[in-house]
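In what follows, a structure is listed as structure tokens, so that the remarks can point back to it.
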Amino acid sequence: MELVSPNFSDIMEANIEIKKFPDGDSYVLIPEISKLQGEEVSLFHRLYPAQDTEIFAAILLLDTLKRVGARTTLVSPYLPYSRQDKTFKEGEALSAQILCSLLANAGAQKLVTIDCHFLKKEGEFEYSGLKIKNISANKLLVEHARKKLGEELEVISPDQGANYLVEGFGGKSMKKERGEYKEGAEAYRAVEKVEMEFDVKGKNILIIDDMISTGGTMVRAVENVKKGGAKKVLCAATHGFFLKDSLEKLQKITDGVFTTNSIPNPVAEVDIMPLFKAVIREKP
């Protein structure tokens with residue numbers, strides 16, 4: 001059985017309700033839930049944007065299904081808090097572990113997600129008590145770039161953490177260094193350096209990453225390949241946040257920017273559903 005959240009309705013037809021009480025508390029309703037007793041259920045629910053609200057809605061849905069004995073696979077294209085699987089300062093929270101533990105305890109038998117930031121490769125994992133199937137959008141992104149450009153291209157990543165996205169295409173990775181957290185209300189470590197140690201002169205380049213957030217890494221990477229004499233430059237990511245004015249910046253300095261529709265955005269050109277079709281009916 002497939003249950004679809006309203007925040008997935010741009011891709012599939014929603015069949016559960018999520019609303020707000022007047023005071024802002026979340027309300028969820030799974031119609032005819034008695035029919036799901038003891039069943040295998042795939043729950044399609046985005047955990048971003050509005051991650052804190054959507055995570056709690058997921059917990060309510062999972063627990064409600066657990067109470068009738070349903071065995072639920074949570075299908076969420078992007079896993080929030082995935083950048084915080086390790087600490088940089090004493091006293092920081094291990095948010096990735098906390099979230100995965102919450103989802104498992106609420107009733108998720110498995111999480112199916114795309115290009116989870118801390119896993120760095122495809123496959124089956126167990127993390128903080130949660131079974132995770134991590135699938136990658138890299139092949140879809142590269143295929144889309146080739147159709148878009150209509151010419152041969154070389155695939156690279158803007159840092160070594162995203163190397164798994166490009167290594168299957170003979171791609172190379174740049175090296176990135178971040179600074180310390182900046183002062184102020186926003187937790188942000190600025191990109192201080194992105195270095196390239198290979199030749200791109202006269203080549204068409206696709207720069208691919210798992211996410212584009214504020215765009216600092218991708219902008220530096222594009223500047224590098226253009227300085228190196230690249231012919232044309234496209235940039236792509238699985239998850240497109242495009243915070244602040246990052247999309248406009250990238251569109252001005254590249255020949256094209258695109259992502260999957262894991263997070264709805266103006267350049268979400270690649271559909272994620274082909275990635276899920278092969279796995280949504282797997283047993284946890």
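The values are calculated or read from the model by the stated rules, or taken from the named source; none is laboratory data. Source: prediction; values computed, not measured. So basically every Cβ, Gly included, is an ideal-geometry build from the backbone, and we count neighbours across all protein chains shown.
Each residue in segment 1-35 was checked for being assigned to a loop (DSSP other than H, G, I, E, B) and not polar (S, T, N, Q), and 15 of them qualify. With respect to Thr238, determine if the residue is in a loop (DSSP other than H, G, I, E, B), of a type outside the set (A, V, I, L, M, F, W, C) and surrounded by 15 or more Cβ atoms within 10 Å (Cβ to Cβ). Taking the combined requirement at face value, the residue does not satisfy it.
Is one or more of the residues making up segment 261-268 surrounded by fewer than 19 Cβ atoms within 10 Å (Cβ to Cβ), in a strand (DSSP E or B), modelled with pLDDT of 95 or more and within 20 Å of the chain's Cα centre (by Cα)? Looking for residues that are surrounded by fewer than 19 Cβ atoms within 10 Å (Cβ to Cβ), in a strand (DSSP E or B), modelled with pLDDT of 95 or more and within 20 Å of the chain's Cα centre (by Cα), one finds at least one in segment 261-268, hence yes. The C-beta contact set for segment 51-74 (first residue in contact (Cβ under 8 Å) with a residue 24 or more places away in the chain and within 14 Å of Leu3 (Cα to Cα), second residue among the charged types (D, E, K, R) and surrounded by 21 or more Cβ atoms within 10 Å (Cβ to Cβ), distance under 6 angstrom, 6+ apart or interchain) comprises Thr73/Lys110.
Among the criteria (1) in contact with a His (Cβ under 7 Å, 6 or more places away or on another chain); (2) in contact (Cβ under 8 Å) with a residue 40 or more places away in the chain; (3) of a type in the set (Lys, Arg), the one Arg83 does not fulfil is (2).
Checked against (1) at pLDDT below 95; (2) assigned to a strand (DSSP E or B); (3) hydrophobic (A, V, I, L, M, F, W, C), Leu206 passes all but a single condition, namely (1).
Looking at Ala187, Ala230, just one residue is in contact with a strand residue (DSSP E or B) (Cβ under 7 Å, 6 or more places away or on another chain), assigned to a loop (DSSP other than H, G, I, E, B), farther than 17 Å from Leu165 by Cβ and at pLDDT 95 or above, and that residue is Ala230.
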